[in-house]
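Working notes, beginning with the structure itself.
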Amino acid sequence: MCGIVGAVAQRNVLPILLDGLRRLEYRGYDSVGIAVVDAGKQISRIRSVGKIIELEKALDENPETRGITGIAHTRWATHGPPTKSNAHPHMSGPGLALVCNGIIENHEDLRLAQKTRGFKFQSDTDTEVIVNEVYQHLNNGADLLEAVQATIKVLEGAFAIGVICSDEPHRLVGARRGSPLVVGIGEGEAFLASDMSALISVTRDFYILDDGDVVDINNANICIMDSLGQIQQREIKTSKLTAESVELGEHRHFMLKEIHEQSTAIANTLEGRISGKSLLEESFGTEANRIFDATLSVQIIACGTSYHAGLVAKYWFEELGVPCQVEIASEFRSRVHAVPDKCLVVTLSQSGETIDTLSALSEAKKIGFANSLTICNAPESSLVRESDLVMMTHAGPEIGVASTKAFTTQLVALRLLAIALGRRRHLSSEHEAKLVAELRELPAKVEEAIKLEPIIKEIAEQFADKHHALFLGRGTHYPIALEGALKLKEISYIHAEAYPAGELKHGPLALIDSEMPVISVAPNDRLLDKLKANIEEVRARGGKLIVFADVETEMSDQQNLQVINVASVDSSIAPIIFTIPLQLLSYHVALIKGTDVDKPRNLAKSVTVE
Ligand code: F6R
């Protein structure tokens, strides 16, 4: 978590740092800070608790703050509460400042050792030991680069850092291990950031640092060294991001913008992956054919919303005869496994940097899982680099913390994967043609589902004074209920739970009363009659139901039952369509609750801590 940005230029870097911070705020937003050095070797540091707007206010009170080199940080607290003293940059000595994204696992040992050397600590963070260590090496005669190289040798954990020093006002040194860091290439200037989007207003050209790399930016000369200190020529990557794609445009929130972008995102994810009536298998990579032939089963690993996509896919894979297990990454990585023969590990991730998913993949490789495939939305991310096969979801940047278009495009990619593996099992070419045709219908069906927004907005009013909600689904729609509940709780702070509808009678029915809205999705599938029976069980106990039902189910309003008709779709794509109204419902409930929709409390977009 946390976002870092840095710049070395001939001009005042403050606007570049602030713009970068705004674009990185999705990575954490409980405190924020900058440090800049001017040509006269003066360093200034300003930090604030809260979001970037608080830093801007502090800068307004200090209008003289400017510099030609600088670093900045937006924090998601791990060690130490979100106070000003814990906000980055951290300093050691009068002129050395450092920002860090990550966790230093041996910070307690380093802290003890530094205390015996006379260092006084100003914060509760694990980061302060890094800046002290760099300071110690500078004092012993090292220059900034040498000091950083020596420091990272003693650090354990995952981190990305940026360091500046008032004695060398044209220099910025960065390093990464585990956490992401990119170098932006400007004309006579250079930059550092946690991701490309942070720098999109100043450059399109980037070096993506490899794990263990150190970068020395000195007067806009960029020198990258690997973990052995050898100079490396990394390839320049040109970002396809546009400034508009990471800006709000006409929308009030990124979440709403991203919900509305889903039809295009899905069309983009399908483009080049299907042709005529069939899947283009090579779109999974040149090795796909060989690896799929050698696959007997699938192990999906993911977190949060991405995990829910995996749960839906399990139904799809097994229907086509492909055995599939799905596990939350943080659980997968920390238990003993009986490794199945020829099992393909599939990681799902919007960011490609979720540390639990990365660690689970690394564990899977270590213990002998055969091959790996990632379905990911971030090109150049660590998961993409570390997987044998890659299927990018072309959702475009997702900025809202609550994942929306990444989820539906993951489902599309999983559907494609199910076809690829199903071909080697029960899937006939006629069946494949039918599934492909249904996928082609998706963008238009998503547009139709989005048209439900006005009615969903009205329904959201019913949640204004509610503290709990229950979501129900059956089959592939149980994970969709889980996703609906997650969306509602994370952005509206209403406690929400999801159950397979058949499980109600085994306990949760006791919760039902008129104060607990029950939301259900009712596709027109073979489980419909059973679902209807469960809905009646709730009504019979005074529960109030809101049901999003396929128009062909012919369900209609009754006492304590409000039905919202969703255009009819085939059951193979229904989970994607029924997700849309649930996203819109949580968005409009959050608006009524007045929460910070795009940056809900305590959360961050890219979870790079364990
Ligand atoms: C919820 C949400 C999170 C993420 C989870 C995994 O709306 O966004 O639950 O899905 O943190 O993130 P990725 O997909 O980036 O690995």
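The values are calculated or read from the model by the stated rules, or taken from the named source; none is laboratory data. Small disclaimer: the values here were computed from a predicted structure and weren't measured. No Cβ is skipped: glycine too gets one built from the backbone with ideal geometry, and neighbour counts run over all protein chains shown. Heavy atoms of the whole protein, side chains included, go into the accessibility calculation; ligands, DNA and RNA do not. Shrake-Rupley method; radii C 1.70, N 1.55, O 1.52, S 1.80 Å.
Evaluating Val609 against the criteria (1) touching a strand residue (DSSP E or B) at 6+ places or on another chain (Cβ under 6 Å); (2) assigned to a loop (DSSP other than H, G, I, E, B); (3) crowded, with 22+ Cβ neighbours inside 10 Å leaves one unmet condition, (3).
Among the residues of the range 479-488, are any open to solvent by 10 Å² or more (accessible area, probe 1.4 Å), touching a residue at least 40 places away in the same chain (Cβ under 8 Å) and more than 16 Å from the ligand (Cβ to nearest atom)? So far as the range 479-488 goes, no, none of its residues is open to solvent by 10 Å² or more (accessible area, probe 1.4 Å), touching a residue at least 40 places away in the same chain (Cβ under 8 Å) and more than 16 Å from the ligand (Cβ to nearest atom).
Table: residues versus (1) more than 16 Å from the ligand (Cβ to nearest atom); (2) surrounded by 24 or more Cβ atoms within 10 Å (Cβ to Cβ); (3) part of a strand (DSSP E or B); (4) within 26 Å of the chain's Cα centre (by Cα).
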position	(1), (2), (3), (4)
Ser362	no, no, no, yes
Glu398	no, yes, no, yes
Thr409	no, yes, no, yes
Ala444	yes, no, no, no
Lys457	yes, no, no, no
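Scanning the range 490-506 for residues that are part of a helix (DSSP H, G or I) and not aliphatic (A, V, I, L, M), we see that the one that is surrounded by the fewest Cβ atoms within 10 Å (Cβ to Cβ) is His506.
Would you pick out the residues in the range 216-247 that are among the β-branched types (Val, Ile, Thr) and in a loop (DSSP other than H, G, I, E, B)? Within the range 216-247, Ile236, Thr242 meet the criteria. Only strands (runs of 3 or more DSSP E) whose full extent lies in the range 51-125 are considered here, and none of them has at least 3 residues that are open to solvent by 50 Å² or more (accessible area, probe 1.4 Å). A search for C-beta distances below 6 Å between a residue of the range 310-327 that is at pLDDT 95 or above and any residue that is in a helix (DSSP H, G or I) and among the aromatic types (Phe, Trp, Tyr), counting only pairs 6+ apart in sequence or on different chains, returns Cys324/Phe317.
Quick check: is even one residue across the range 337-351 at pLDDT 95 or above, within 15 Å of the ligand (Cβ to nearest atom), open to solvent by 10 Å² or more (accessible area, probe 1.4 Å) and not charged (D, E, K, R)? The answer is yes, given that some residue of the range 337-351 is at pLDDT 95 or above, within 15 Å of the ligand (Cβ to nearest atom), open to solvent by 10 Å² or more (accessible area, probe 1.4 Å) and not charged (D, E, K, R). When Phe159, Phe206 are checked against the criterion of being outside any loop (DSSP other than H, G, I, E, B) and under 28 Å from Thr409 (Cα atoms), a single residue qualifies: Phe206. Selection over the range 98-118 of residues that are touching a residue at least 12 places away in the same chain (Cβ under 8 Å) and either under 27 Å from the mean Cα position of the chain (by Cα) or under 29 Å from Pro180 (Cβ atoms) (or both) gives a count of 13.
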